[in-house]
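Colleague: Before I ask anything, here is the structure I am working with.
The values are calculated or read from the model by the stated rules, or taken from the named source; none is laboratory data. All values derive from a computational prediction rather than experimental measurement. Using ideal geometry, Cβ is built from the backbone for each residue, glycine included, and neighbour counts are taken over all protein chains shown. Please note that ligands, DNA and RNA were not included when accessible areas were found on the heavy atoms of the full protein model with its side chains. Shrake-Rupley method; radii C 1.70, N 1.55, O 1.52, S 1.80 Å.
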Amino acid sequence: MVVKPEHLAFYAALIALGVLEIVEWPIVGIVAVGHFLASQHRFVILQEVGEAAESA
């Protein structure tokens, strides 16, 4: 699996927010997983679940 540069920047920013304690780690994890699942174009069901998790 290859991570696109824009996704890598998103994950890096999320990690920075967690390290700086601006956002709590469980929230960082939920948003990261939601973003990852939403970016999956092969599995429509996973994409919909990811979009729901990302908007929560």
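Colleague: Where only protein heavy atoms count, and the probe is 1.4 Å, what is the accessible area per residue for the chain in Å²? Kindly include the intermediate steps, with their values, before the conclusion.
Modeller: Details: 4240 Å² over 56 residues.
Here the per-residue accessible area is 76 Å².
Colleague: While we're looking at this one, here's another question. Let me see the P(r) profile for the chain: every Cα-Cα distance counted, bins of 5 Å, each bin given as a percent of all pairs.
Modeller: 5, 21, 25, 25, 17, 6, 1
Colleague: Against the longest principal axis of the chain, how steep is helix 5-19, in degrees 0 to 90 to the nearest 10, with axes from Cα atoms?
Modeller: 40
Colleague: Now a separate question. As a check on your grasp of the helix formula, calculate [θ] at 222 nm for the chain: sum -39500 (n - 2.57) over DSSP H runs of n ≥ 4, divide by the residue count, round to the nearest 500.
Modeller: Per the formula, -23500 deg cm²/dmol.
Colleague: For the chain, what is the relative contact order in percent, using Cα pairs closer than 8 Å and at least 6 residues apart in sequence?
Modeller: Rounded, it is 25 percent for the chain.
Colleague: Let me ask something additional. Any chance you could give the angle, 0 to 90 degrees and rounded to 10, that helix 44-55 forms with the longest Cα principal axis of the chain?
Modeller: For 44-55 against the chain, the angle is about 30 degrees.
Colleague: Points 7 angstrom from Cα along the Cβ direction at ARG42 and ALA16: gap in nanometres?
Modeller: Calculated label separation equals 3.1 nm.
Colleague: Follow-up question, since we're still on this one. Taking only Cα atoms, what is the 0 to 90° angle, nearest 10, from helix 25-38's long axis to the longest principal axis of the chain?
Modeller: 20
Colleague: In region 5-37, which GluC sites (Glu not before Pro) are in a loop and have at most 16 other Cβ atoms within 10 Å, using DSSP for the loop call?
Modeller: GLU21, GLU24
Colleague: Ok, one more. First compute the accessible area of the chain with a 1.4 Å probe, then give the percent of it belonging to carbon and sulfur atoms.
Modeller: 71
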